[in-house]
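Here's the structure, in structure tokens; my notes come after.
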Amino acid sequence: MQTVKLINGVEIPILGFGVYQIPQEETAQSVKDAIQAGYRHIDTAQSYMNEREVGKGITESGIAREELVVTTKIWVQNVNYDGVIKSFDESLERLGLDYIDLLLIHQPYNDVYGAWRAMEELQKSGKVRAIGVSNFSVDRVVDLAEFNEVKPQVNQIEINPFQQQAQTIADLHAEGVAVEAWAPFAEGRNNLFSNPVLTKIGEKYNKSVAQVIVRWLIEQNVIVLAKSVKPERMAENIAVFDFELTSEDQQQIATLESGESQFFSHKDPAMIKMMANRKIEGI
Ligand code: NAP
């Protein structure tokens, strides 16, 4: 599969399989189905509470470790130097792996600088191949980059047709930071899967709305994280390497921009307090 090369040379498959909100009892099977469908990049997080089942799915799939790119994310309560060192080892143990390909700070809160120093050390030791952040604004990415030895290699943010983030993508790419799109389908909000503009574009190529969206992101060199528990949809979402959008299609998709998150603002004080107080047991 097409890859995106990070500033440190690590290559990440441009389409990944996300496991957020997959119940523990379904996760191992979903991971096996995704690997069977051709996905070689899996995105989990400490807060998804399914790292152990992701590890089980990987093991049971029989895939060689070096063929897979696995991401996990440090939850807010562990975002400080000691928290990263301790919880990273626990994540590794749950995943049954001896290294992680990409380790991210999940949210831009708590002691990000302390956490980053621990992540720099983990990368130097070879336990992590690449390090980055998620849900950071561009100014905070640049600040972190300027005052540390190692620059963030990735920022994972919400991007979908209603929250397109064109300027943010351009700014991050200009800084050499690879961009990953979470909730590319906006989790189906705002009737995304029956959107008339996307449906009409898809009809031209005999492709679904989901396929048009994945293609639209890939053409921007954005790494896409798509989630489905259904094998037929996993296969659908990955079948996007045999068509191209025109600039007219892209202009049509641009009209869908709402300029707002489909979920919440990371700058909302109430959300920050909610995440600060969300203490997850066992991670
Ligand atoms: P998403 O991928 O935008 O949407 C998933 C939803 O779309 C599910 O309800 C799925 O249903 C449905 N779906 C998938 N493919 C479909 C298709 N071809 N046709 C119709 N429906 C389809 O949402 P997401 O899971 O929130 O985001 C993707 C990944 O991004 C996550 O799994 C996670 O890895 C990552 N993420 C990261 C953050 C962060 O803060 N860093 C936040 C959110 C998500 P079924 O499963 O029933 O098929």
Mean projected area in nm² (Cα convex hull; one quarter of hull surface) for the range 155-199: 3.2 nm²
Per-residue ³J(HN,Hα) for the range 265-271, Karplus 6.51 cos²θ - 1.76 cosθ + 1.60, θ = phi - 60°, Hz, x for Gly and Pro: 8, 6, 9, 6, x, 5, 5
Descending semi-axes in Å of the range 74-127, equivalent ellipsoid built from Cα gyration tensor: 17, 12, 9
Burial ranking of peptide ranges 25-31, 6-12 (average Cβ count within 10 Å, highest at the top): 25-31, 6-12
Amide H contacts under 5 Å for His41, placed H, 5+ residues apart: Phe17, Val69
Long-range tail of P(r) for the chain (Cα pairs > 25 Å, %): 44 percent
Amide H within-cut-off set for Arg129, under 5 Å, with H built and near neighbours excluded: Ile100, Asp101, Leu102
Dipole-positive endmost among Val179, Ile159, Val197 within the range 146-210 (Cβ charges, Cα centre): Val197
Compactness index (Cα Rg / 2.2 N^0.38 Å), the range 64-170: 1.07
P(r) of the range 33-86 over all Cα-Cα pairs, binned every 10 Å from zero, in whole percent: 22, 47, 24, 8
Shape parameters for the range 6-102, alpha-carbon atoms, Rg then Dmax in Å: 13.0, 38
Separation in nanometres of the label points that stand 7 Å from Cα toward Cβ, at Ile272 and Ala64: 4.7 nm
Extension gain from Lys5 to Glu203, taking 0.36 nm per residue of separation minus the Cα-Cα distance: 68.1 nm
Ala178 long-range amide H proximity, modeled H, under 5 Å: Ile7, Val154, Asn155
Relative contact order (%) - the range 1-123, alpha-carbon pairs under 8 angstrom, separation at least six: 22 percent
Relative frequency of Cα-Cα separations exceeding 21 Å in the range 162-283, percent: 46 percent
Mean ellipticity per residue at 222 nm, deg cm²/dmol - from DSSP H runs of n ≥ 4 across the chain, formula -39500 (n - 2.57): -12500 deg cm²/dmol
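None of the figures in this text is laboratory data; all of them are computed from the coordinates on show. Every value quoted in this text rests on a predicted model; they were computed, and no experiment measured them. All Cβ positions, even for glycine, are placed from backbone atoms using ideal geometry, and neighbour counts span all protein chains on display.
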